[in-house]
Amino acid sequence: MDPRPNLPDLSDSDFNFDIENDDTTVNPTSPFNLDDIPVSQEVDEDEAIPQQAILDGLFLHQEGAQGDGQTWEQTSVSTINLSALARMFRIKDRSSAIKLLHRRVNLVLDTDLKLRSDDPKLLWKGSKHFLDFILVVSGSIGLHAFIPRTIADHNYTLTLDLRLQSRQFRPKFGKLGFDPTGSMMAIGNGQSTELWLGFCPVGHVEDIALANESPLLSEKHGDTRLTSVHYRMGVMFLASVLSQIPSLPIHVMYAYGPQRDFRDWKIEDATNVLSQRRIVLRLQDVLELNRLIISEWDDFVANAPPAWTSDGWLQQHIPLSVACRYGQNQPIASTDQHALHVEARNWHHERDYSRIRYLSMAVATHISCERVRSWVPIPVADILSVHEVVYDSPDVDVRQSVDLLSHPARDANQREVNVYDEEGRRIPRFLGQNRPDTQKCGLLINLETIPQLFSSYVAHDEHLYGHFRNTFQT
């Protein structure tokens, strides 16, 4: 057998299938056979490789120097079918497998192992959804993004930490309604959520059209942290309102600092708020803090000394609450109707959405498919026992109710004619039959077109955008 065969021409005859007569059979528990190492890589036992030679070899490619032999990128590319690898594994052909490591190999899936995504025998599933990210921005001054829609909750706590001056606001997508550069102040955590104050320009609060024109967070922006002077202003304001809550051990000696020049004093000289590493607030404390922030901000700005207002920043910005939570991978949109109603109630109680301007989220959908043996029609009576009304479209603006008894189940191409329920969910009309041990198909993703999955615009769904705009932009 040719020691360096052309891989595309490999066939069963090129391999030794008679394992009992194969002298190259390796005991799985035996050490690696050093005879397989090329001569060019062998080392004399009495003479070690000089350290400089090792360094030259490591940095040869980076320095652009030419070695004595071919680099990995210069070697030719061969192809091998997945079925050939399967045969190697099945017959335990270790020798051929090791030889593949000495060359660049392009793995090709056999034609009989692939199915088109529109194959009628494929059952696609995409009913499992997970919340990966959520960003909530209030529409006016206050802590509305942190406050649930209730007046009592013995499980609710919110933890303030005003020593987070160096924390960057890192969400890569979503809508703030203003440029976060030099405007974001981390103030703590609550209910697995990062808590921020976003100092939004007054014009963006008063004119929603101006806020809507602000780019998404996917656009490049500068350092989001407040400057040291603006951070000090934010902390002193929070200390002044926290000190008015009797249950908290916060004291303020000098509301605007003991000296006129910011360079002549530190926060610790004016208040003890930073000595409290974490300030745990109950719901009633948060409600009172929210009330004080709303009522005290204008007076705090109006009474600020000239050193505080000389750059105009304090007068031109308003603190909005921003809640950010990501990475939790929580399942949402359950297919169980009872669980779905409980979930909807939880969303409703989480916050008062009439006080929220923007809500951005990232939802991950688990997509899978399997090959079925046959499709069995679901009796119309079973569908109508669950769904009183059935529609021909998920779009509430154009959909029409249909009579399933006369509505065709398949089109001219023998594909299922979709119907939908009141909430726009597709109602299956056929049931795929298969063995219980049927394996899922592996999905081959075309990475050149995958960005289309993340488009911010969905054709024919303008009414949905308008609905969310009216709901979450107030």
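The values are calculated or read from the model by the stated rules, or taken from the named source; none is laboratory data. Predicted, not measured: the structure shown is a model, and the values here were computed from it. Neighbour counts are summed over all protein chains in view; Cβ atoms, including those assigned to glycine, are modelled from backbone coordinates with ideal geometry. Please note that ligands, DNA and RNA were not included when accessible areas were found on the heavy atoms of the full protein model with its side chains. Shrake-Rupley method; radii C 1.70, N 1.55, O 1.52, S 1.80 Å.
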**Report entry** Heavy-atom surface of the range 404-447, accessible at 1.4 Å and reported per residue (Å²)
**Finding:** 75 Å²
Report summary line: If the chain between D132 and K220 were fully extended at 0.36 nm per residue, the gain over the current Cα-Cα distance would be 29.5 nm
Report summary line: Amide H proximity to G188 below 5 Å, modelled H, separation 5+ or other chain, gives D161, L195
Query raised in the report: Can you list residues whose amide H is under 5 Å from G174's amide H, if they're 5+ apart or on another chain and H is modeled 1.01 Å from N?
Result: L217, S218
Report task. Step through the table entries K92/K128; K92/K125; K172/K266; K92/K440, compare each Cα-Cα distance with 28 Å, and write down the pairs that go over it. Result -> K92/K128; K92/K125; K172/K266
Requested in this report: Apply the Karplus parameterisation 6.51 cos²θ - 1.76 cosθ + 1.60, with θ equal to phi minus 60°, to every residue of the range 342-351 and state each ³J(HN,Hα) to the nearest whole Hz, in sequence, with x for glycine and proline.
Outcome: 5, 4, 4, 5, 5, 4, 5, 7, 5, 6
Query raised in the report: If you stretched the chain out fully between T79 and T159, how much longer would it get, using 0.36 nm times the residue separation minus the C-alpha to C-alpha distance?
Result: 23.0 nm
Report summary line: Over the range 83-188, with neighbouring protein chains present, the accessible area per residue in Å² at probe 1.4 Å is 52 Å²
Report summary line: HN-Hα couplings for the range 235-252 via Karplus (6.51, -1.76, 1.60; θ = phi - 60°), in whole Hz with x for Gly/Pro, come out as 5, 5, 5, 4, 5, 5, 7, 5, 5, 8, 8, x, 7, 9, x, 9, 10, 10
**Report entry** Heavy-atom accessible surface of the range 65-186: percent carbon and sulfur, 1.4 Å
**Finding:** 53 percent
Report summary line: Length gained, Q439-V396, 0.36 nm per residue minus C-alpha separation, equals 11.8 nm
Report task. Return, ordered by residue number, the residues of the range 150-191 whose backbone nitrogen is under 18 Å from a label point located 7 Å along Cα→Cβ of I208. Result -> 175-178
Query raised in the report: Once phi is turned into ³J(HN,Hα) by the Karplus curve 6.51 cos²θ - 1.76 cosθ + 1.60 with θ = phi - 60°, what whole-Hz value does each residue of the range 405-418 show in order, with x for glycine and proline?
Result: 5, 10, 6, x, 8, 10, 8, 5, 8, 6, 9, 5, 8, 6
Query - Mean Cβ neighbour count within 10 Å, used as a protection proxy, ranking 338-347, 283-292 highest first - result: 283-292, 338-347
Report summary line: Expressed per residue, the solvent accessible area of the range 273-385 in Å² (1.4 Å probe) is about 55 Å²
